[in-house]
Amino acid sequence: MPESGFAELLRELKNRSGHSYGALAKRLHMSTSTLHRYCNGDAVPADYAPVERLARLCKATPVELVELHRRWVLADAVRGRKGPEREAGAVAAAVAPPEPGAAPREEPKPVSQPEPVSVGGSHPDPDPDPVPVLEPKSEPESEAKPSAGVGRRRRTALLAALTVTALLGGVAVALNLSSGDGEQDGKAAPAAVATSDASRTAAPHRMPSTPTSGSPAPHRSATRSASPPAKTPDAAAGGTGEPAASATGRASTAPPLTVTTRPYSWVDPCSQHYLIDRPPTGVAPPPLEQDAPAWVAVHQAVSAGEQFVTFTVQGTGKETVVLERLSVRMAGKRSPLAWNDYAMGYPGVGCGGGVPSRSFSVALDAMRPAPVPAAGSADFPFKVSQSDPEVFYITADASAYDVSWYLELTWSSGSRHGTLLIDDAGRPFRTSGNNGRPAYAFPLGGAKWKPASETG
C-alpha cells in the first residue's frame, strides 16, 4: 500500500537520525503530533516541501530522496481518491433501485382523483408512457400491475442519485485539494511578514518556495503588517504559537505592530563588500548607502563576508507590545559563491563608526545561528508602542558558506501573540563568504575598478 510504504521510509529515516519527534518538529516548524502522524501513516502531507526538509535533516541519500518523492506521489494520489469514491459508493447504494425479485418499496397511494390532462389532450409528464387500455379484471385493484407513474418515479430517483453523487465527488476533491492535512510547508509559516526596503526591482537568487511581494519605486521603505491566520488544531498541540481565532475574532485582526526592514544598510563603507558574477568592466562605481538597494538589484549582488540589516519596530496603537525574542531561521546553506569581491569604501579614505545600541551579531556559519547582543547592548525582551518604537541592528557574518536566512520576531500584547517573519521583500536574506575571492576596489577620483592589491 503506497501510504504505508511512504510512512515506513519516513520512520526509517527518522529512527536512523537519532533525533526525537520533538527535536525534528521544532527544526521543521511543525507540531510534534503532525510529524508523528506522517511517520505512522495516519496522514499524508499536502505538499512535498516539508517531507524533503525532514529527509535532508535526517541525512537521506540522493537515492532515498528520489524514492521518498516517488512514494509521496503515490500516497498523495491515493489520499485524493479515497474521499470521493467512498462518498459516491454510499450515496449510490442508498438510492439504487431494488434488485429483480425483491419486494417493491411501499409507495404512498394518492387520493383517488382523475389524472390531470392538458388542454390538447396530451399528458403533462415530459416523458409519458402510453396510457394502458383498461379492461375488466377479476383480481382486486391492490394486485393490479404497477402503474407507469411508479416507473417514472424510479427513473427520477435514479437521475437525482447520479446528480448527488457527482456533486459529492466534486466537493470531496475540492476539500482534499484545499485543506490537505492542516499543515503547510512554511507554512508552518509565521503569522505575518514584515516588509523590507522596497527598492529592489529585480530579485536575485529568489528561493522557489518563498512568496514574493511586489516592489514599489526605488529608495523607499515600505511598511505593512498582515493578518495572522487562525491556528490549526495541530499548531495548538505545539506548533508555532499562533493564537486560535476566538469568538470575538480578535486573533484574526492585524498584529498591533509594524516592522520596516533595510537589508542593505552599512556600518561604514569600508566594511561592506558585495560578490558579483561580473568582471570589473561590467560593474558601476560604488553607490551611496541610500542607493545601495537599487545598485544591488541591478548587479544581482550578494552581501560578502557580512551583512548589516536594520529594522524598526513600532506599535500601531496605544497598547504596549512586548517583543519577546528574536531568532534566526535558516533557509539554505551552500558553498561560498565563486564570484568577484567588490569593496564599497574608497582606499585611503578613513572609515569607522561606533556600535549603536540594540546591536546583535549572528554567526551564520554556526550549526544553529542565533542573535547575540553586542557588548553594552541589552537583550530581549523589549517593549514598543506607537509613540515608543525601537530600532535594531543585526550584523550577520559568513565565511565558510553561502547562507540564505530569515529573522523571526515573536511578540505578545495582552491575550494576543504571534511571530513576524522579517526578510528581504519576500525573499530570504543572503550572505556569502568571500575568502580567497578576487578582490577589487575603486580608487577615489578614479575611473574604473582595480585589484585591491594595487589600490592599498
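The values are calculated or read from the model by the stated rules, or taken from the named source; none is laboratory data. This structure is a prediction, so every number in the text was calculated from the model and none was measured. Here the Cβ is made from the backbone with ideal geometry for all residues, glycine too, and neighbour counts use every protein chain on show. With ligands, DNA and RNA removed, areas are computed over all heavy atoms of the protein, side chains included. Shrake-Rupley method; radii C 1.70, N 1.55, O 1.52, S 1.80 Å.
Could you grab me the full set of residues in region 416-456 that are in a strand (DSSP E or B), within 16 Å of Ala304 (Cα to Cα) and over 23 Å from the mean Cα position of the chain (by Cα)?
Scanning region 416-456 gives Ser432, Ala439, Tyr440, Ala441.
Could you identify the single residue in Glu390, Glu408 that is modelled with pLDDT of 95 or more and acidic (Asp, Glu)? Before you say what the answer is, go through the steps one by one.
Values: Glu390 fails: modelled with pLDDT of 95 or more.
Exactly one residue qualifies, and that residue is Glu408.
If we scan region 375-389, do we find a residue that is within 30 Å of Leu275 (Cβ to Cβ) and within 27 Å of the chain's Cα centre (by Cα)?
Checked against the condition, which is being within 30 Å of Leu275 (Cβ to Cβ) and within 27 Å of the chain's Cα centre (by Cα), region 375-389 yields no hits at all.
Just to be sure I understand, how many residues within region 403-430 are charged (D, E, K, R) and crowded, with 23+ Cβ neighbours inside 10 Å?
Number satisfying all stated conditions: 3.
What do you reckon, is Asp388 without any contact (Cβ under 8 Å) to a residue 60 or more places away in the chain, open to solvent by 10 Å² or more (accessible area, probe 1.4 Å) and not basic (Lys, Arg)?
Numbers: without any contact (Cβ under 8 Å) to a residue 60 or more places away in the chain: no; open to solvent by 10 Å² or more (accessible area, probe 1.4 Å): yes; not basic (Lys, Arg): yes.
So Asp388 fails the test.
Would you mention how many residues in region 346-373 are modelled with pLDDT of 90 or more, surrounded by 17 or more Cβ atoms within 10 Å (Cβ to Cβ) and assigned to a loop (DSSP other than H, G, I, E, B)?
Within region 346-373, residues that are modelled with pLDDT of 90 or more, surrounded by 17 or more Cβ atoms within 10 Å (Cβ to Cβ) and assigned to a loop (DSSP other than H, G, I, E, B) number 3.
Right, Ser303: on the phi < 0 side of the Ramachandran plot, open to solvent by less than 10 Å² (accessible area, probe 1.4 Å), of a type in the set (S, T, N, Q) and modelled with pLDDT of 95 or more or not? Before you say what the answer is, go through the steps one by one.
Details: on the phi < 0 side of the Ramachandran plot: yes; open to solvent by less than 10 Å² (accessible area, probe 1.4 Å): yes; of a type in the set (S, T, N, Q): yes; modelled with pLDDT of 95 or more: yes.
So Ser303 passes the test.
Collect the residues in region 284-297 that are more than 23 Å from Val403 (Cβ to Cβ) and aliphatic (A, V, I, L, M), keeping them in residue-number order.
If the condition is that a residue be more than 23 Å from Val403 (Cβ to Cβ) and aliphatic (A, V, I, L, M), then Ala284, Leu288, Ala294 are the ones that fit.
Does Val63 meet the test of being exposed (fewer than 15 other Cβ atoms within 10 Å of the Cβ), farther than 20 Å from Arg329 by Cα, at pLDDT 85 or above and of a type in the set (A, V, I, L, M, F, W, C)? I'd like the intermediate steps shown before the answer.
Numbers: exposed (fewer than 15 other Cβ atoms within 10 Å of the Cβ): yes; farther than 20 Å from Arg329 by Cα: yes; at pLDDT 85 or above: yes; of a type in the set (A, V, I, L, M, F, W, C): yes.
So Val63 fits the description; yes.
Residues to consider are Glu8, Glu52; find the one that is surrounded by fewer than 22 Cβ atoms within 10 Å (Cβ to Cβ), part of a helix (DSSP H, G or I), at pLDDT 85 or above and within 22 Å of the chain's Cα centre (by Cα). Write out each step before concluding.
Details: Glu8 fails: within 22 Å of the chain's Cα centre (by Cα).
Checking each option against the conditions leaves just Glu52.
For every residue, the table says whether it meets (1) closer than 30 Å to Glu52 by Cα; (2) free of Cβ contacts under 8 Å to residues at least 60 places away in the same chain; (3) open to solvent by 30 Å² or more (accessible area, probe 1.4 Å).
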residue	(1), (2), (3)
Tyr264	no, no, no
Asp268	no, no, no
Tyr274	no, no, no
Leu288	no, yes, yes
His299	no, yes, no
Thr310	no, no, no
Met330	yes, no, yes
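Out of (1) surrounded by fewer than 12 Cβ atoms within 10 Å (Cβ to Cβ); (2) modelled with pLDDT of 85 or more; (3) part of a loop (DSSP other than H, G, I, E, B), the odd one out for Pro45 is which?
Only one criterion is unmet by Pro45, namely (1).
Looking at (1) over 15 Å from the mean Cα position of the chain (by Cα); (2) in a loop (DSSP other than H, G, I, E, B), which is the only condition Met30 fails?
(1)
Go through (1) open to solvent by 20 Å² or more (accessible area, probe 1.4 Å); (2) more than 26 Å from Pro256 (Cβ to Cβ); (3) small (Gly, Ala, Ser) for Gly433 and report which single condition fails.
Unmet for Gly433, out of (1) open to solvent by 20 Å² or more (accessible area, probe 1.4 Å); (2) more than 26 Å from Pro256 (Cβ to Cβ); (3) small (Gly, Ala, Ser): (1).
Exactly one of these conditions fails for Arg278: (1) open to solvent by 70 Å² or more (accessible area, probe 1.4 Å); (2) at pLDDT 90 or above; (3) within 29 Å of the chain's Cα centre (by Cα). Give me its number.
(3)
Is it the case, given these coordinates, that Gly426 is touching a residue at least 12 places away in the same chain (Cβ under 8 Å) and within 30 Å of Pro286 (Cβ to Cβ)? Explain how you work it out, then say what you get.
Numbers: touching a residue at least 12 places away in the same chain (Cβ under 8 Å): yes; within 30 Å of Pro286 (Cβ to Cβ): yes.
The answer is yes for Gly426.
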